[in-house]
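The values are calculated or read from the model by the stated rules, or taken from the named source; none is laboratory data. Remember, it's a predicted structure, so these values are computed and weren't measured experimentally. Every residue, glycine as well, gets a Cβ built from its backbone with ideal geometry; the counts of neighbours run over all protein chains shown. Surface accessibility is based on the protein's heavy atoms, side chains included, excluding ligands, DNA and RNA. Shrake-Rupley method; radii C 1.70, N 1.55, O 1.52, S 1.80 Å.
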Amino acid sequence: MDYNISHLKELESESIFILREVAAQFEKPVILFSGGKDSILMVYLAVKAFAPARVPFPLLHVDTGHNFPETLKFRDLLVEKYGLKLNVGYVQDAIDNGHVVEEQGFNSSRNGLQIYTLLDELEKGKYDAAMGGGRRDEEKARAKERFFSHRDEFGQWDPKNQRPELWNLFNGRKNFGEHFRVFPISNWTELDVWQYLAMENVPLPNLYLSHERDVIKRDGTLLADSEYLDKKPEEEVFKAQVRCRTIGDMTCTGVWESDAATVEDIIQEIATTRMTERGGRTDDKRSETSMEDRKKEGYF
Amino acid sequence: MSEVYKYEESELLRFTTAGSVDDGKSTLIGRMLYDSKSIFQDQYDQLKETTERRGEEGVNLALLTDGLKAEREQGITIDVAYRYFSTPKRKFIIADTPGHIQYTRNMVTGASTANVALILIDARNGVVEQTRRHAIIASLLQIPHVVVCINKMDLVDYDQTRYDEIQDQFEKFATKLDVKDIHFIPISALIGDNVVNRSDKTSWYEGPTLMYFLENVHISSDHNFIDVRFPVQFVIRPNTDEHHDYRGYAGRVAGGVLKKGDEVLLLPTGFTTKITKIMGPDGEQNEAHPPESVTVLVEDKLDLSRGDMIVRPNNKPDIGQDIEVMLCWFDNNKPLQANGKYALKHTSQDVRCVVKEIRYKLDINTLHRELEDMTINMNDMARVVLRTTKPLFTDAYRKNRITGSIILIDEGTNSTVAAGMVI
Ligand SMILES: Nc1nc2c(ncn2[C@@H]2O[C@H](COP(=O)(O)OP(=O)(O)O)[C@@H](O)[C@H]2O)c(=O)[nH]1
């Protein structure tokens, strides 16, 4: 007997399996929602995994206060469309209460501050599994990350103490106070994600597609102009046809000059530019810990 | 236009790589990524820069998988690292396991989901103890296809006699193994001969290049499509007005083909009923195959829960509380305890078990059965008998890798301490 399943359908099936496993093995799981395509994909897969029932986990969004307005609008539509529960943790609250101190200066951002709010929300919500959209192809260090990643009672990851994962068997046992980070889309690459989103016609924030926007140029990267951005006197605002490759904090998410008007154009663009998602910010002083990276650090 | 549609047809192939230190594993993986144009420009630039900084010539492809190697050199615990690339035909997932002698456990982990195992041999050294170990693991883990890459052919002048000699050595020893499909390819990972591009220096070799093999090897029959096995993973109950009485049994097909209208047997209750509906990720479907994740609805109002299994009435798995397994021990801190109690996971079942008997320890370099020294330490393999608190529904691992596999968990530390294949 012969049966062919496409790689996208196999990845979909694997992720649905993981999502259901989380629902079965944990008491209070939560989906970490960042607003980007990976977390949108995760939500979309969760809807499929439990249909026609509702997704049995809430979303948690850590709001830096510097989001693209489009991100928040899209988030709220998504929540409404699928009848999801949304919790938001505000970095601004942590700043106001003196738990964290806002960075100063031109390259300041609130990325590092998110970690506090995230851990605080996880603790308050008594969540025992937090699902993230991390993928193993993102960078070398993530290549060894597990689907079920064990954290001790301080939320720390001990690379030496991770559990081997074989076959379809995932060990989510833990002691009181410990929790897990789970990565249902571990095996997807950037290209897989885009291909799947195109194949399934998944709605996405229009930030990912080419649009005209006010930008400035800093260290070779285009940044979206906004009220949150501290500009140097010599930095001029001009209009450009751009799109986001990752969606994050407005103050430090680079935008790219691009004419990609559809997801299929994006796929073409990725195939031809041959740059990793995290690349292209080589002259950025903080490129080693670019927006998405730091988010991952905090989130994951 | 439109790559998407082409990709919709491409399949997923998972493979592991095994070889002793310095056989050229990192170079080979780098070569595959590079020649298949899976490296991005920025990665390539970085590679070049690092190579130059180290005072080496050209571009050292082995550096692409450097993360693992640095760790190895520092003697830190190493794991399986996963890497990804694709060609228009297939997407590949490499489970890259370090070649160090101690890392049986990593190799077993990587092998558990692999369709293909690549075993590297340095043409100058021929079959060595580690080659045998790797082949034995591939056989125990029932990796459907094994490719023996005889590497560094450039260092033996692409000599056919040397190649034949090594193939001979390997085949002699492989007769003792349970590997269904073995291939041999003469390559030079460094220069690129027969990896992605065909070499003009091995005109005596008529087989495919490694990449051609990986793109074309027949993997759609690697699953068991005969014996219907559907472990219930999660029960879907919407509890809404619209779906008032809806009860869906969600899971991933572990074997056979489920069909709408089929009569099925439910385990452990023994009731029979009919499949009324199969819901897939895109809505209703008439059939479900491994490895699809679906939701199954049945005719009668029966109370199934996680850990139960849907099968066909005339094709049952083994049902019982005594299972015999080949165990690979993972735990660094404690050896396997005779009479020890562990938590056990099998498909979607969670039970406890006691180690009733250790039959023998298996020397995985020689397949010799050790009966004297029965201490089972990390990376050792042993055949053991387990007694479980509840009946399991198992198949021999040879027949089905999903219903034939278990893991053991230490109830004190919650670590995964062993993986087992049902005999
Ligand atoms: N001449 C030659 N050298 C090779 C070949 N493949 C690998 N090497 C060299 O062998 C050494 C070890 O290779 P590496 O890929 O690091 O081995 P690993 O330990 O198995 O990952 C390096 O110096 C490589 O350049 C080959 O096909 N021919």
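Among the residues of region B:317-340, is any within 14 Å of another protein chain (Cβ to nearest Cβ) and open to solvent by 50 Å² or more (accessible area, probe 1.4 Å)?
Kept after step one, since they are within 14 Å of another protein chain (Cβ to nearest Cβ), are these residues of region B:317-340: B:325-333.
Cutting the leftovers down to open to solvent by 50 Å² or more (accessible area, probe 1.4 Å) gives us B:332-333.
For region B:317-340, residues within 14 Å of another protein chain (Cβ to nearest Cβ) and open to solvent by 50 Å² or more (accessible area, probe 1.4 Å): present.
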Give region B:182-193 a look and list any residue that's closer than 22 Å to B:N115 by Cβ and either open to solvent by 50 Å² or more (accessible area, probe 1.4 Å) or near the ligand (Cβ under 10 Å from one of its atoms) (or both), or say none.
B:I182, B:H183, B:I187, B:A189
Reported set for region A:152-164 where residues are surrounded by 20 or more Cβ atoms within 10 Å (Cβ to Cβ) and either at pLDDT below 90 or charged (D, E, K, R) (or both) is A:R163
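Confirm whether B:S203 is more than 14 Å from chain A (Cβ to nearest Cβ) and away from the ligand (no atom under 16 Å from the Cβ). If you could, list the steps in order and put the result at the bottom.
Values: more than 14 Å from chain A (Cβ to nearest Cβ): yes; away from the ligand (no atom under 16 Å from the Cβ): yes.
When the stated conditions are applied, B:S203 passes them.
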Of the conditions (1) buried (at least 18 other Cβ atoms within 10 Å of the Cβ); (2) more than 13 Å from chain A (Cβ to nearest Cβ); (3) over 23 Å from B:R90 (Cα atoms); (4) away from the ligand (no atom under 16 Å from the Cβ), B:E171 fails just one. Which one is it?
(1)
A:D76 being open to solvent by 40 Å² or more (accessible area, probe 1.4 Å), farther than 21 Å from A:R245 by Cβ, in contact with a His (Cβ under 9 Å, 6 or more places away or on another chain) and more than 14 Å from chain B (Cβ to nearest Cβ):
no
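Out of B:I39, B:I93, which single residue is at pLDDT 90 or above and open to solvent by less than 30 Å² (accessible area, probe 1.4 Å)? Let's see the steps before the verdict.
Numbers: B:I39 fails: at pLDDT 90 or above.
Exactly one of B:I39, B:I93 is at pLDDT 90 or above and open to solvent by less than 30 Å² (accessible area, probe 1.4 Å), namely B:I93.
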Within region B:33-53, which residues are more than 12 Å from the ligand (Cβ to nearest atom) and away from chain A (no Cβ under 14 Å)?
B:D35, B:E52, B:R53
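Hey, among the residues in region B:15-32 that are within 14 Å of another protein chain (Cβ to nearest Cβ) and in contact with a Lys or Arg (Cβ under 7 Å, 6 or more places away or on another chain), which one's nearest to the ligand (Cβ to nearest atom)? It would help to see each step written out before you state the result.
Step one: of region B:15-32, the residues within 14 Å of another protein chain (Cβ to nearest Cβ) are B:15-17, B:26, B:29-30.
Add one more test, that the residue is in contact with a Lys or Arg (Cβ under 7 Å, 6 or more places away or on another chain), and what stays is B:17, B:26, B:29.
On the way: B:T17: 9, B:S26: 3, B:I29: 8 Å.
Going through the qualifying residues, I end up with B:S26.
For (1) more than 10 Å from chain A (Cβ to nearest Cβ); (2) closer than 25 Å to B:M309 by Cβ, each residue gets a yes or a no:
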site: B:M378; (1), (2): yes, no
site: B:A382; (1), (2): yes, no
site: B:R387; (1), (2): yes, yes
site: B:P391; (1), (2): yes, yes
site: B:N414; (1), (2): no, no
site: B:A419; (1), (2): no, yes
Here the residues within region B:346-384 that are acidic (D, E), surrounded by fewer than 17 Cβ atoms within 10 Å (Cβ to Cβ) and closer than 22 Å to B:R132 by Cβ are B:D363, B:E370, B:E372, B:D373
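Which residue out of B:R72, B:R124 is away from chain A (no Cβ under 11 Å), within 10 Å of the ligand (Cβ to nearest atom), open to solvent by 30 Å² or more (accessible area, probe 1.4 Å) and modelled with pLDDT under 85? Break it down stepwise before answering.
Values: B:R124 fails: modelled with pLDDT under 85.
Testing whether each residue is away from chain A (no Cβ under 11 Å), within 10 Å of the ligand (Cβ to nearest atom), open to solvent by 30 Å² or more (accessible area, probe 1.4 Å) and modelled with pLDDT under 85 leaves just B:R72.
Residues that are in contact (Cβ under 8 Å) with a residue 60 or more places away in the chain and β-branched (V, I, T): find the strands (runs of 3 or more DSSP E) completely inside region B:312-364 holding 2 or more of those. Before the answer, list the steps.
Numbers: elements: B:318-329, B:341-346, B:349-362.
Ranges flagged: B:318-329.
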Does region A:156-179 contain any residue that is in contact with a strand residue (DSSP E or B) (Cβ under 6 Å, 6 or more places away or on another chain), touching a residue at least 40 places away in the same chain (Cβ under 8 Å) and away from every other protein chain (no Cβ under 14 Å)?
no
